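Reviewing the structure listed below.
The values are calculated or read from the model by the stated rules, or taken from the named source; none is laboratory data. For clarity, every value in this text was computed on a predicted model and none was experimentally measured. Backbone-built Cβ (ideal geometry, glycine too); neighbour counts: all protein chains shown.
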Amino acid sequence: MKKLLFATLILSLSQITIAFSQEINTDITGKKMSDFIRLEAKLKGKVYQKAGDIIIPGGMEMPILYKRAQKGMPDLTINYIFTKKDSVIHEIQYSWDPRNFEEGKPAAQSIEFDKALIKKYNLVLKELTARFCASEAKNDLTDLAKIDTNRGLSRSDFWTTKDGTKIYMSIILANHYKFDDNDNGDPLHKIDIYVNTKRK
């Protein structure tokens, strides 16, 4: 009975790990855009076109943006930046941000919405910490009252992997975030993750 219970637990944990590694892919060194086109098809990701200008880094192809449906939070957008010469992935940008799908002034969000983003952030943080050990961290997400301040509630975490891949993750939750004293302040509720390969 104990062996069966242990085997079931291991299987459940492996399924969670597989699901996470597909959602946030940090193993990008040497991978090509074609690898991620196949992955997005498997995960039911849809190509998504945002309004506005696109800045293309030197030597890079036009980025491809995907959207994956999420429950209880903004849909996840995944921006793939890859080389023009051989389609090798240079950077992947993950974003949970309602502004990706809004027009005009950003909308205010409920405390339940912010708690869902904090839960997601902590889940991703736990998985990345298990994979790469402790991050270089700044701030924490304990004082929810900061959501109503000009700088909001925020945290960021940074890792450099053994192969030189850099991973930066951040969250900011603010009902009227001000970039500077002249800013009127807008709602800002988002999680961003950047996975960047070491350039040769």
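Annotation: of all residues in the range 93-112 being over 20 Å from the mean Cα position of the chain (by Cα) and surrounded by 11 or more Cβ atoms within 10 Å (Cβ to Cβ), the one that is farthest from G152 (Cα to Cα) is A107. Among the residues of the range 118-131, is there at least one that is part of a loop (DSSP other than H, G, I, E, B) and either of a type in the set (D, E, K, R) or in contact (Cβ under 8 Å) with a residue 24 or more places away in the chain (or both)? Within the range 118-131, not a single residue is part of a loop (DSSP other than H, G, I, E, B) and either of a type in the set (D, E, K, R) or in contact (Cβ under 8 Å) with a residue 24 or more places away in the chain (or both).
The listed residues are N79, N100, and the only one of them that is outside any loop (DSSP other than H, G, I, E, B) and more than 25 Å from G30 (Cα to Cα) turns out to be N100. List pairs: first in the range 33-46 and free of Cβ contacts under 8 Å to residues at least 24 places away in the same chain and closer than 10 Å to K67 by Cα, second surrounded by 15 or more Cβ atoms within 10 Å (Cβ to Cβ) and not acidic (D, E), Cβ under 6 Å, 6+ apart or cross-chain? Every condition considered, the pairs that remain are K46/K67. Report, ordered by the first and then the second residue, all pairs with beta carbons closer than 8 Å, sequence separation of six or more or different chains, a first member in the range 59-86 that is within 27 Å of L188 (Cα to Cα), and a second member that is among the acidic types (D, E) and assigned to a loop (DSSP other than H, G, I, E, B). Partner pairs satisfying both residue conditions: K67/D75; R68/D75; A69/D75; P74/D97; T77/D97. Please verify whether D192 is touching a strand residue (DSSP E or B) at 6+ places or on another chain (Cβ under 9 Å), at pLDDT 95 or above and surrounded by 14 or more Cβ atoms within 10 Å (Cβ to Cβ), treating the condition exactly as stated. Answer is yes for this residue. Could you say which residue among A134, A116 is modelled with pLDDT of 95 or more and farther than 23 Å from A69 by Cβ? From the options A134, A116, the qualifying one is A134.
For the range 72-87, the condition holds for at least one residue, the condition being that it is loosely packed, with under 12 Cβ neighbours inside 10 Å and at pLDDT below 90. Residues in the range 31-56 that are assigned to a loop (DSSP other than H, G, I, E, B) and surrounded by 11 or more Cβ atoms within 10 Å (Cβ to Cβ): K31, L43, G45, Y48, K50, I56. Go through (1) modelled with pLDDT under 95; (2) closer than 17 Å to I193 by Cα; (3) out of contact with any Lys or Arg (no Cβ under 8 Å at 6 or more places or on another chain) for I54 and report which single condition fails. Of everything listed in (1) modelled with pLDDT under 95; (2) closer than 17 Å to I193 by Cα; (3) out of contact with any Lys or Arg (no Cβ under 8 Å at 6 or more places or on another chain), I54 misses just condition (2).
With respect to (1) basic (K, R); (2) more than 15 Å from the chain's Cα centre (by Cα); (3) within 17 Å of I191 (Cβ to Cβ), the lone exception for K119 is condition (2). For the range 82-97, a residue qualifies if it is touching a Ser or Thr at 6+ places or on another chain (Cβ under 8 Å), more than 18 Å from R38 (Cβ to Cβ) and in a loop (DSSP other than H, G, I, E, B), and exactly one does: D97. The single condition among (1) touching a Ser or Thr at 6+ places or on another chain (Cβ under 9 Å); (2) at pLDDT 95 or above; (3) surrounded by fewer than 19 Cβ atoms within 10 Å (Cβ to Cβ) that H176 does not satisfy is (2).
Taking first residues from the range 96-108 that are at pLDDT below 85 and partners that are in a loop (DSSP other than H, G, I, E, B) and loosely packed, with under 12 Cβ neighbours inside 10 Å, the Cβ contacts under 8 Å between residues at least 6 apart in sequence or on separate chains come to E103/A51.
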